[in-house]
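Chemist: If you scroll down you'll find the structure; I have some questions about it.
Read-outs: derived from the displayed coordinates by stated rules, not from any lab. Being a predicted model, the structure only gives us computed values, none of them experimental. So basically every Cβ, Gly included, is an ideal-geometry build from the backbone, and we count neighbours across all protein chains shown.
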Amino acid sequence: MTLISLWYGQNHGLLPTAASSDAGDVDQLFNFMMTIATGLFLLVEGVLVYSVIKFRRVKGDFTDGPPIEGNVPLEIVWTAIPTVIVFILSIYSFEIYNRMGGLDPMTAGDPGPQMAHAHHHSQLVALDPNRQNIALGLGASPDSKQGINPLEIKVNGIQYAWVFTYPETGVISGEIHVPVNRPVALNMTAGDVIHAFWLPEFRIKQDVIPGRVTNLVFTPNQIGQYPVVCAELCGAYHGGMKTQLYVQSEEDYQKWIQENTFAMNDEDNQSVAMNPIPSSDAEFLAPYAKDMGVSSDTLAQLKPTENK
Amino acid sequence: MSTTLERNAPIAPPEYEQHPKRKWQDYFGFSTDHKVIGIQYLVTAFFFYFIGGALAEVMRTELSTPDPDFVQPEFYNQLLTMHGTIMLFLWIIPAGAAFANYLIPLMIGAEDMAFPRLNAVAFWMIPPGGILLMSSFFNGAPQAGWTSYPPLSLISGKSGEEIWILSILILGTSSMFGAINFVTTILLMRMPDMDIHSMPLFCWSMLATSGLILLGTPVLGAALILLSFDLLAGTAFFNPAGGGDPIVYQHMFWFYSHPAVYIMILPFFGAISEILPVHARKPVFGYRAIAYSSLAISFLGLIVWAHHMFSSGTPGWLRMFFMATTMIIAVPTGIKVFSWCATIWGGKLSLNSAFIFAVGFLSSFLIGGLSGVMLAAVPFDIHVHDTYFIVAHFHYVLFGGSVFGLFAAVYHWFPKMTGRMVNETLGRIHFAMTFIGFNITFLPMHQLGLQGMNRRIALYDPQFQTLNMVCTIGSYILALSTFPFIINIIWSLYKGEKAGRNPWRALTLEWQTASPPIIENFEEEPVLWAGPYDYGIDTETIDGNEDVEDMLAAVSAEG
């Protein structure tokens with residue numbers, strides 16, 4: 001039974017790719033819990049199945065079973081074992097959570113709600129960008145390389161799209177591109193209702209709340225394309241509110257930034273109508289646009305980034 | 001205990017036939033008889049179960065394909081909101097109250113509840129509340145989920161949302177009236193011989209449940225009234241557009257709604273503690289451990305609410321606090337599960353419908369409990385929060401737990417309520433279809449959630465279609481499983497074998513009176529001549545020449 005538990009705990013194949021080292025930590029925690037859960041599952045189900053087969057009433061036997069009303073040592077044992085298990089799990093989870101940056105003192109302090117209209121002012125979104133302070137969410141891992149300046153990206157969630165702004169370069173995009181192996185710090189807020197920013201391959205999620213700023217810090221370590229999913233009911237087309245996260249090599253990322261910076265500049269000289277190449281997001285959203293009530297402004301926000 | 005046995009002998013008087021019987025009209029009127037009210041609750045609850053179930057089937061049909069083609073996404077959101085609200089507030093909670101009403105006075109040897117009129121009022125708030133909620137389908141049902149988080153709930157249809165708020169307020173008030181009755185009755189109206197440690201475990205679990213209802217529901221009421229102001233009067237308690245804080249609503253909502261999970265499951269924990277010993281012919285294992293763990297769950301249930309908000313606006317240190325308290329709940333819950341397993345171990349099990357549903361409860365609830373411990377771990381919860389893993393988890397707790405417990409209770413107490421036995425073959429078919437359908441529907445959802453499928457969506461990524469198809473097929477089996485149940489109940493009601501007083505040879509007091517019980521419950525002051533679970537001992541009378549079984553058989557023959 002122990003062997004089955006150990007094997008299944010490691011080989012359940014239930015989780016998608018882990019694209020950051022923190023995600024690997026979370027997976028280890030899950031595997032550990034899965035091992036324990038499998039063991040307990042087999043134990044209890046085993047007892048049930050065995051009892052149902054072994055202890056059936058013989059036909060015609062109307063006598064009672066043995067009058068056992070309890071067994072204090074046994075009860076102490078099965079109180080103590082779960083206690084020890086959850087104690088270990090709590091400490092382990094605490095450790096992983098700390099490693100993920102959840103107890104970053106700058107992050108752990110929540111300044112409370114801000115006036116909703118304030119999120120339009122960039123000042124409020126990043127009160128002090130250098131110290132990555134403020135708000136709710138996950139901060140930088142305590143053991144992350146302090147030397148590397150995290151890439152700051154502002155995230156705005158609106159029904160039903162994500163808008164990413166790169167303060168360093170002024171790029172605005174409907175997709176998120178980040179370089180591999182550099183910490184990314186997201187400062188997030190919402191324009192209308194509560195959304196949740198979820199990166200399944202990074203095992204992180206944080207609600208995005210109108211009138212507040214929340215943040216997430218993560219370090220991607222695998223080049224690839226990953227889904228970004230909204231995980232908080234935000235309206236009828238909640239299921240359609242997704243985009244892509246591209247983890248790219250430093251060169252590819254710089255190329256993308258440059259192209260989009262130029263595109264943005266181009267855009268300034270052209271009218272929107274002159275730039276008819278549809279974006280993948282726009283394509284995706286187009287059939288629903290009428291129902292969703294997405295304004296042309298929203299689509300225009302997405303457009304400049306997709307010129308490639 | 002045996003010394004009181006002789007007094008028990010003349011319990012069945014010959015003039016039994018003279019007792020007035022309930023007319024069918026009584027069940028449609030303002031009756032103050034707790035047994036009538038209990039059955040009113042139960043039938044009403046099952047009526048709403050069929051509606052809630054039908055809504056679920058529409059949702060599963062929609063989810064068999066990734067595109068929103070069967071119903072519009074807006075309507076889908078209305079369906080999921082109504083499905084959740086109906087199943088929780090109009091099915092499981094009233095069904096728990098049904099058994100509490102029916103059983104508590106009988107189990108403690110009382111004639112009725114402490115406040116019979118209040119009890120009737122509590123029931124009669126449910127049909128108007130339910131009809132009000134249904135009426136919202138005609139002018140835009142609520143579509144912000146059963147959680148109704150602002151600001152979404154403030155901007156997605158005023159009338160539907162307000163109707164939702166009003167009906168929850170009505171149903172919540174009804175539930176509080178019920179709880180006041182349960183606590184008072186259990187604490188003050190036990191027969192003189194019964195101290196608190198010899199009352200049946202179902203009463204303990206209702207004590208724990210009622211405490212939660214009384215502490216939690218007013219907070220939900222406050223939250224909903226404030227939400228209503230935001231919705232109608234344009235105040236900004238929770239609306240960020242005016243400086244309000246939507247997170248405060250979430251705290252207030254979950255302060256009730258996490259305990260609500262225990263309000264829904266504890267009555268059936270109690271029912272299981274009654275059903276297993278009777279059909280295993282063994283005393284319940286660890287009476288005090290099970291009784292006190294109900295209270296422990298109830299207390300801890302009040303201080304874990306923010307685990308629903310780990311990925312929401314909860315600062316790091318608070319996440320850690322709520323992780324610890326949530327994990328600790330596994331301990332009293334584990335005590336119960338292990339004690340139940342030990343109760344059936346070495347017994348003489350009758351595998352009838354009530355018992356197999358009870359075992360089904362144990363095996364399914366176990367999975368919900370294990371995934372619950374996983375969800376308490378913050379780093380993992382952050383990944384799966386608001387995904388199908390959660391959907392799977394709470395259906396394993398509420399369907400695998402409460403609903404299996406509910407069916408076990410229906411099969412167990414049906415002979416008492418109607419005086420007739422159920423058809424065991426149909427009962428077993430019902431169990432097999434429910435158990436198989438349930439697992440096919442909800443087991444794959446764990447994987448869907450882990451892989452990245454979020455919940456409450458009408459359109460999803462095509463890569464998840466295969467598993468969703470499996471879930472949908474499972475849900476159809478689940479839908480079909482209600483047919484043997486309905487046929488069984490109707491058939492047994494008219495054609496079932498006569499049950500007699502005590503067909504299960506159980507020791508709790510409700511079985512010591514007629515089936516169905518006479519209007520005053522007991523012929524005369526009932527006598528406590530055995531503990532509720534004293535199986536296997538006390539089988540000999542003081543003279544030593546008559547078995548309790550023989551005597552019970554004689555008693556039921558006379559009855």
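Chemist: Rounded to the nearest 5, what % of DSSP beta bridges with both residues in the protein assembly as shown are antiparallel?
Modeler: 70 percent
Chemist: Another one. Quick check: pseudo-label points 7 Å beyond the Cα along Cα→Cβ at B:Leu351 and B:Ala432, how many nm apart are they?
Modeler: 1.1 nm
Chemist: Continuing with the same structure: Just to confirm a number: summing +1 for Lys and Arg and -1 for Asp and Glu over residues other than B:Trp491 whose beta-carbon lies under 15 angstrom from that of B:Trp491, what do you get?
Modeler: Its environment carries a net charge of +2.
Chemist: At A:Ile76 and B:Glu497, where each label point lies 7 Å from the Cα along Cα→Cβ, what is the point-to-point distance in nanometres?
Modeler: A separation of 4.7 nm, rounded to one decimal place.
Chemist: Are there trypsin sites (Lys or Arg not before Pro) in the range A:1-61 that DSSP puts in a loop and that have at most 13 other Cβ atoms within 10 Å, and which ones?
Modeler: For trypsin sites (Lys or Arg not before Pro) across the range A:1-61 that sit outside H, G, I, E and B with at most 13 neighbouring Cβ atoms in 10 Å, the list reads A:Lys59.
Chemist: If you don't mind, another one. Lys and Arg at +1, Asp and Glu at -1: add these up for the other residues within a Cβ distance under 14 Å of B:Ile165 and post the number.
Modeler: -2
Chemist: First measure r as the distance between the Cβ atoms of A:Asn11 and B:Leu188, then evaluate 1/(1 + (r/R0)^6) with R0 = 51 Å and state the FRET efficiency to the nearest 0.05.
Modeler: E(calc), rounded to 0.05, equals 0.35.
Chemist: Kindly provide log₁₀ I(q)/I(0) values, in the same order as q = 0.18 Å⁻¹, from the Debye equation applied to equal alpha-carbon scatterers of the range B:132-282.
Modeler: With no solvent term, the Cα-only Debye profile gives -1.01.
Chemist: In degrees, nearest 10, range 0 to 90: what is the angle between the Cα axis of helix B:388-397 and the longest Cα principal axis of chain B?
Modeler: 10 degrees
Chemist: Just round it to a whole percent: the fraction of Cα-Cα distances in the protein assembly as shown exceeding 47 Å. Numbers along the way, then the final one.
Modeler: Values: 99701 of 375411 pairs.
So the portion of pairs separated by more than 47 Å is 27 percent.
Chemist: Using R₀ = 30 Å, calculate the FRET efficiency as 1/(1 + (r/R₀)^6) where r is the Cβ-Cβ separation of B:Glu162 and B:Val121; round to 0.05.
Modeler: The value I calculate is 0.80.
Chemist: I've got another one for you. Grab every C-alpha pair in chain B, bin the distances at 20 angstrom width from 0 up to the longest one, and report whole percents.
Modeler: 21, 56, 21, 2, 0
Chemist: Treating the Cα atoms of the range A:42-101 as identical point scatterers in vacuum, please give the log10 of the normalised Debye intensity I(q)/I(0) at q = 0.21, 0.24 Å⁻¹, two decimals.
Modeler: -0.99, -1.06
Chemist: How many nm separate the modelled label positions at A:Arg182 and B:Trp317, each set 7 Å beyond the Cα in the direction of the Cβ?
Modeler: 3.5 nm
Chemist: For the range A:40-98 and the range B:100-153, what is the centre-to-centre distance using only Cα atoms, to the nearest Å?
Modeler: About 35 Å separates the Cα centre of the range A:40-98 from the one of the range B:100-153.
Chemist: In addition: Excluding B:Ala141 itself, what net charge comes from residues whose Cβ is under 15 Å from its Cβ, given Lys and Arg +1 and Asp and Glu -1?
Modeler: Result for the neighbourhood of B:Ala141: -1.
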